[in-house]
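Reading through the structure tokens given below for one structure.
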Amino acid sequence: MSKVATNPENLLARLKQAQDRLGYLPEECLAEVARSLNMPLSEVYGVATFYSFLSTRPLGRNVIRVCKSLPCYLKNSRMIVESIEDKLGIRPGGTTPDGRFSLALVNCIGACDIAPAMLINHDVHGDLTPRKISRILQSYE
Ligand code: FES
């Protein structure tokens, strides 16, 4: 029996599609992807848990991803994270009890020129200050 080499980009694309469709990657979804690509489930799980834009746990309706890389860190991204933590009562990795927001720390999101920066869903927000955070969060249902 010949082994078919699986393109890692296929795996990532499949996981991204499933995440967009389901909001997260439940175990049965990972198993289905592994079966369809003829890959070990452990490998699929490893990729699903490696990338910060994928999640194996249910997420809130709005996912806040604050950049933790050096250029943002040097522009006080920690203060932005603390401001979000205070306002929402959650820590990175957490979701508000009403399911409105999840918070995550991620590597560079490509918005270094407007550091400190974050994503909420697909929206980029930059030049952040604690004052701006309140207004931005209020604009998400
Ligand atoms: S380092 Fe924060 S967006 Fe690039």
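The values are calculated or read from the model by the stated rules, or taken from the named source; none is laboratory data. The structure displayed is predicted, hence computed values, not measured ones. In this analysis, Cβ positions are derived from the backbone assuming ideal geometry, glycine residues included, and neighbour counts consider all displayed protein chains.
Worth pointing out:
- Test for S55: is it in a loop (DSSP other than H, G, I, E, B), away from the ligand (no atom under 16 Å from the Cβ) and surrounded by 18 or more Cβ atoms within 10 Å (Cβ to Cβ): yes
- Within the range 122-133, being exposed (fewer than 12 other Cβ atoms within 10 Å of the Cβ) and over 19 Å from S69 (Cα atoms) holds for one residue alone: R131.
- Residues in the range 61-115 that are of a type in the set (G, A, S), closer than 16 Å to Y51 by Cβ and more than 12 Å from the ligand (Cβ to nearest atom): G93, S102, A104.
- Given (1) part of a helix (DSSP H, G or I); (2) surrounded by 13 or more Cβ atoms within 10 Å (Cβ to Cβ); (3) assigned by TED's automatic domain parsing to the domain that holds P130, index of the condition P92 fails: (1)
- Count - residues of the range 47-80 that are free of Cβ contacts under 8 Å to residues at least 12 places away in the same chain, within 20 Å of R21 (Cα to Cα) and of a type outside the set (S, T, N, Q): 1
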